[in-house]
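Report on the structure given below.
The values are calculated or read from the model by the stated rules, or taken from the named source; none is laboratory data. What you are looking at is a predicted structure, and each value in this text was computed from that prediction instead of being measured. Cβ placement follows ideal geometry from the backbone for every residue including glycine, while neighbour counts extend to all protein chains displayed. SASA here: full protein model, heavy atoms, side chains in, ligands and nucleic acids out. Shrake-Rupley method; radii C 1.70, N 1.55, O 1.52, S 1.80 Å.
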Amino acid sequence: MRPSARCLKALERIQLRSRSTSFIGLGRMGHEMALNLFSKQFANDAEAHFVVCDAIPDSARAFAEKFLGQFPGAKVAIASTPEEAILSSQTMVTMLPSSPEVESVYSRVLPILQQLPPTEARGTICIDSTTLDVSVAKKVAKDVISTGAEMVDAPVSGGVAGAKAGTLSFLVGGSEASFKRSESILSSMGQRIIHCGDSGSGLGAKICNNLVLGVQQIVVGEAMLLGQRLGLKPAVLAGVINSSTGGCWASSVNNPVPAALAGKSPPCERDYEGGFAMALMLKDMGLAKDVAKQYTSPIPLGEAAEEMYRMVITEQPELGRKDFSSVYRYLEGRNELIIQSGGLNTFSRALAALLVPVDGDPLVSHLRIVDKFSVAPPTTYIGKEFPTILANPIVEYKQANLTVPAAVASCFVPPEGQSSYDYVFDYTGEIRHDRTEMIQINTTLNVARLIALEAAKLKVKAYVRMQQPFYDTGSSGKATHTEKEDIKPLDTLGTWWHETLRVLAAIEDLNLVILRTGFVYGPYTNYGIIASGKNPNNTVHIDDASRAAWACAEWIAPLGRVQANAIAGEEIIFHNDKKKVKEVEGIPPHDQKLIAPLFNLVDDSNSTLLSIGETVTSYFGTTFEFFTFVENAALKLTGDHVEDINEHHVGGWTEMLTMSKPPIPNTPLSAYMDSFALSKHVVAFSNAKIKEIVGYKLKHPSFNHETIKEVVDKWKEEGSWPVLQ
C-alpha cells in the first residue's frame, strides 16, 4: 500500500514522533481516558504533541476544542485516518468498539509501520484497550511486533466513572519489556496496572472479570426486587448485602435501585445514563461464551446471563444504550398507572384483570388504580373478581379527586424504590348523558387534561385514551367507517368527549394513542349496548377493549409520538361552539390542525340491535321485540311512552329476580331504559387499521352464544342474575 500525499506530508513531522501521542477512538470511555492522558502529559511537558482520531470526525473536533479550552497553548492535531495517527506518534492508544474495528484500524497501521525506518519502528508502542476476541488480539499483536514495534493489550475495568476519575484498572498482556514501557502511560489513566502475562492475557483476565460482573449484576437486581416485594426498603437491603457475604461491586457501587445507596450516584439515579452500556456487556458476555466454547470450559450461568441481556435488548431496545444495571428495569417490569374517574364502571377492572390476573403471572410489577370511588366498602359496582385483584400486594388503589391538580400530581409519585411510571391508561370522563355542559367540561375535559399534562411532563412512554362511542357515524351505504371519516359527536356528552381528544392531541410530548370503541359487553360489565333498531350497533368484548389498550401502549412506547403520528395519525376535527375556545381553558384554536394516532376497536360481527337481540333471545329460546327508529320517531318518546316501555321490561325482570332460586334481593343489573337509551344511535366502525398497524388480533371476534353464556354464567356465579332452573 502506498501512502497518500497527505501521509507523505505527515512524514515531515517524523522528528516529532518521540514526543507525540495519538489516541484513536473517542467514545464515552476513550474521550475520558484521552483527556486524563493528555492533561497529565502536558503538565509534565508543555512541548508534548497530541493527535486524536475517530471514525466520527465531529467527535475528534469536539475533543480537541474541549482540551484546548482547558489547556490553552497545547499542541493538538486531528488525524483523519489511522495512517496519519501512527505517522505522527511513537505512542498510539486505541479504544475501539470491538474486534472488527481493531482489525480494520491495525490493517491500515501495519503498512505504515513496515515502511518506517527500523529505529522509528522499534521506538513505537501500540496499546489497545479494546475488549475484543482473544484470538484477534493475539494475531494483531503478532503482526505489529513483526514490524519491530511493541504492542500490549490493556483492557480496562472501572467503567465510564473510572475513566473520568482516572481510577481505571488496566489488565495488561504482553512481554515484560513492553509492559514496563506502557506502565507509565497507563498510570496517567488509571490506578492499578496489572501485568497478566503474554499477549492476550489481559483480555483473558478482562473477559473472566466481566463474566463475573455480568452474572452478578443480574442476580443483584433479582435480589433487590425480591427484597422489596418482601417489604424491605432498598437502602436497608443494600446495606445488608454490602456488609455481608453477598457484597460486590454490582451492589455496593452499581446498585440498580434508586435511593439504595445514600450519598452515591450510580447510573440508576440518572435513569441509567452514563454507565457501561448493556449492549457492550452483551458483547463481553458473547466473547466469554465464544472463548469458553473454544477451550471447552463450561459457563452455564454465563450463558444464561448472556441470553438474559440479549432478550432485554431485543424486547426493550432503548435499554441497550443504558447502563447494564438497567436489566433491573426489565426484571421489575413496567409500572402501569391506570387513572380513571368513573372507570370502575367501564374499563379499568378488566384491564386490571389482564395485567394482574387472579390465576397467572402478572404482566407488571406495580399497578396503581385511581378513582373517585371507595372500594372498601365499595360505593359502586366492582364485580366479584376485582376485590381479589386489589388484594394482590403489587396492586395499589388510590381514591382521589382528579379535578384537583395536586391530587393528580400525587398519583404519579411511584412507590419507594420503583422507577417512574411507564404507561397511563386514561378512562376518565362522565358517561351519563343527562349531566350539564359544565359537569362535562370539569369531569371529562379538565380531568383528562390535568392527567395528560402531568404525563407529558414526566415523559410517560404511552398514554392511552379510551374514547366511548358517543358519536353518530351515520348509516349511509357509502360510508367506509374508517378513522379518516369525520363523524358527528352525539349531543353535549359526545361534544365534550370529542373536544377532550383535541385538547390531548395539542399537548406536546404526550405519547398519546386514542382507542375508539364500539359498544362494550362482557363479564361484570353492566353498560354498553343501547337500542337503535336495525341501525349499526357495533360491539366489542371487554377483554378485547383491555387487550387492545395494552397492545396500543406497547406499540407507541418504542416509537414516540412523532413517529406514531406519521404511521397512524388522524386529524381530530373541531366540532364545538367557537366561543368555547376562549371560555374554556386548554381548548386549542378551532382552526388548529391537530393530529394524533387513532384506532377504532370493534369486533367482526357488524352488529345491529336487531342482530344482537336475535342472538340473545335465540340463546334463551325466546323471541325479540323492540321499538324501531320509525316507531320511536312516531311516539317521540315522551315520558309516558318511556314509562310504558319500562313497565313491561322492568316488571318482567323483577319477576325473574323474585322467582330465582334463591331469590335475588339486590343486583347491579337493571332493565330500565331511559329516553337516551331508547333513541336512535348509529355506531359503525372499521377495525382494519388496528389489525394492520398494531397487529391486534381479536380474542372474541364475534358476539355469539358462547360470549353470552360467559357473561350470564359470571353474573349467576356472583348472584346478580336469576337462576330459574
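As a test, work out the antiparallel percent of DSSP beta bridges whose residues both lie in the chain, rounded to the nearest 5. Walk me through the intermediate numbers first.
Details: 11 of 70 bridges.
For the chain, the DSSP antiparallel bridge percentage is about 15.
For the chain, which whole percent of the accessible surface, found with a 1.4 angstrom probe, sits on carbon and sulfur atoms? Before the final figure, lay out each step's value.
Working: 17490 of 31580 Å².
Ligands and nucleic acids excluded, carbon and sulfur give 55 percent.
Provide the gained length on full extension for the span S265 to Q70, in nm with one decimal, where the gain is 0.36 nm per separating residue minus the Cα-Cα distance.
Values: separation 195, 0.36 × 195 = 70.20 nm, distance 2.57 nm.
The S265-Q70 span can extend by a further 67.6 nm.
Classify the stretch 424-490: rounded, prolate or oblate, from the alpha-carbon gyration tensor (a ≥ b ≥ c, eigenvalue square roots; a/c under 1.5 rounded; otherwise prolate if a/b is larger than b/c)? Before the final figure, lay out the partial values.
Values: a/c = 3.29, a/b = 1.45, b/c = 2.27.
Cα axes put the stretch 424-490 in the oblate bin.
Just to be sure I understand the model, the point goes 7 Å from the Cα along the line to the Cβ. What's the resulting R192 to I145 distance in nm?
Those two pseudo-labels are separated by 2.6 nm.
Considering only V460, S187, P234, whose Cα is most displaced toward the positive end of the charge dipole of the chain, charges sitting on Cβ of Lys, Arg (+1) and Asp, Glu (-1)?
Result: S187.
How far apart, in nm, are two points set 7 Å out from the Cα along the Cα-to-Cβ line at A409 and at N392?
For A409 paired with N392, the spin-label model returns 3.1 nm.
Counting only C-alpha contacts under 8 Å and six or more residues apart, can you give the relative contact order of the chain as a whole percent?
Details: 1357 pairs, mean separation 58.3, N = 725.
So the answer I get is 8 percent.
Provide the net charge surrounding K699, with neighbours chosen by a C-beta distance below 15 Å and charges set as Lys +1, Arg +1, Asp -1, Glu -1.
On the way: positive: R547, K691, K697; negative: D543, D544, D603, D604, E706, E710.
Result for the neighbourhood of K699: -3.
Any idea what the dipole of the stretch 28-183 comes to, in debye rounded to 20, about its Cα centre with Lys/Arg Cβ at +1 and Asp/Glu Cβ at -1? Let's see the in-between values first.
Numbers: 13 positive and 18 negative charges, 42 e Å.
In debye, rounded to 20, the stretch 28-183 gives about 200.
Which of rounded, prolate, oblate describes the stretch 177-286, given a ≥ b ≥ c as roots of the alpha-carbon gyration tensor eigenvalues and a/c under 1.5 marking rounded, otherwise prolate only if a/b is larger than b/c?
Numbers: a/c = 2.39, a/b = 2.12, b/c = 1.13.
Prolate, because a/c is 1.5 or more and a/b exceeds b/c.
Any idea of the accessible area per residue across the stretch 155-201, 1.4 Å probe, to the nearest Å²? Let's see the in-between values first.
Values: 1910 Å² over 47 residues.
Here the per-residue accessible area is 41 Å².
Do any GluC sites (Glu not before Pro) in the stretch 31-129 lie in a DSSP loop with no more than 12 other beta carbon atoms within 10 Å, and if so, which? Before the final figure, lay out the partial values.
Details: sites: E32, E47, E65, E83, E84, E101, E103, E120; in loops: E47.
Answer in residue order: E47.
Classify the chain from the C-alpha gyration tensor, please: rounded if a/c falls under 1.5, else prolate or oblate depending on whether a/b exceeds b/c. Each step should come with its number before you reach the end.
On the way: a/c = 3.06, a/b = 2.45, b/c = 1.25.
Note, shape of the chain comes out prolate.
What distance in nm separates the two pseudo spin-label positions at K488 and V375, each 7 Å out from Cα along the beta-carbon direction?
Once both label points are built, they end up 4.0 nm from each other.
Take the residue pairs K484/K716; K484/K709; K264/K372; K142/K289; K142/K322; K180/K283 and return only those whose Cα atoms are more than 32 Å apart. Each step should come with its number before you reach the end.
Values: K484/K716 42 Å; K484/K709 36 Å; K264/K372 40 Å; K142/K289 24 Å; K142/K322 35 Å; K180/K283 30 Å.
Cα-Cα > 32 Å for K484/K716; K484/K709; K264/K372; K142/K322; rest within.
Counting only chymotrypsin sites (Phe, Trp or Tyr not before Pro) that sit in a DSSP loop (anything but H, G, I, E, B) with at most 12 other Cβ atoms within 10 Å, what is the longest stretch of the chain containing none of them? Could the numbers behind the result be given before it?
Details: sites that count: Y295, Y672.
For chymotrypsin sites (Phe, Trp or Tyr not before Pro) (loop position, at most 12 other Cβ atoms within 10 Å), the longest site-free span of the chain is 296-671.
Got a number for the accessible area of S59? Probe 1.4 Å, square angstrom, nearest 10.
30
Let me have the 222 nm mean residue ellipticity of the chain computed from DSSP H runs of 4+ only, each contributing -39500 (n - 2.57), with the sum over all residues rounded to the nearest 500. If you can, show how the numbers build up before the last one.
Numbers: 29 runs with 312 residues, N = 725.
That comes out to -13000 deg cm²/dmol.
Arrange the residues R561, R435, R19 by how much accessible surface each exposes, largest first, with a 1.4 angstrom probe.
On the way: R561 30, R435 75, R19 115 Å².
From most exposed to least exposed: R19, R435, R561.
Sorted by accessible area with a 1.4 angstrom probe, largest first, how do M224, M308 fall?
On the way: M224 0, M308 35 Å².
Result of the area sort, largest leading: M308, M224.
Summing Lys, Arg as +1 and Asp, Glu as -1, what charge do residues with Cβ under 13 Å from the Cβ of W721 carry, W721 excluded? Working shown, then result.
Numbers: positive: K384, K661, K709, K714, K716; negative: E710, D713, E717, E718.
Every neighbour counted, the sum reads +1.
Could you tell me the relative contact order of the stretch 15-139? Use alpha-carbon pairs under 8 Å, at least six residues apart, and round to a whole percent. Show your work: numbers first, answer last.
Values: 191 pairs, mean separation 37.8, N = 125.
It comes to 30 percent, rounded to a whole number.
About its Cα centre, what dipole magnitude does the chain give when the only charges are +1 on Lys and Arg Cβ and -1 on Asp and Glu Cβ, stated in debye to the nearest 20?
On the way: 68 positive and 80 negative charges, 469 e Å.
That gives a dipole near 2260 debye.
Any chance you could look up the accessible area of T480 with a 1.4 Å probe, heavy atoms only, rounded to 10 Å²?
About 80 Å², ignoring ligands and nucleic acids.
Tell me, what is the FRET efficiency for K457 and N242 to the nearest 0.05, using R0 = 35 angstrom and their Cβ-Cβ distance as r?
Numbers: r = 35 Å, r/R0 = 0.99.
So the FRET efficiency works out to roughly 0.50.
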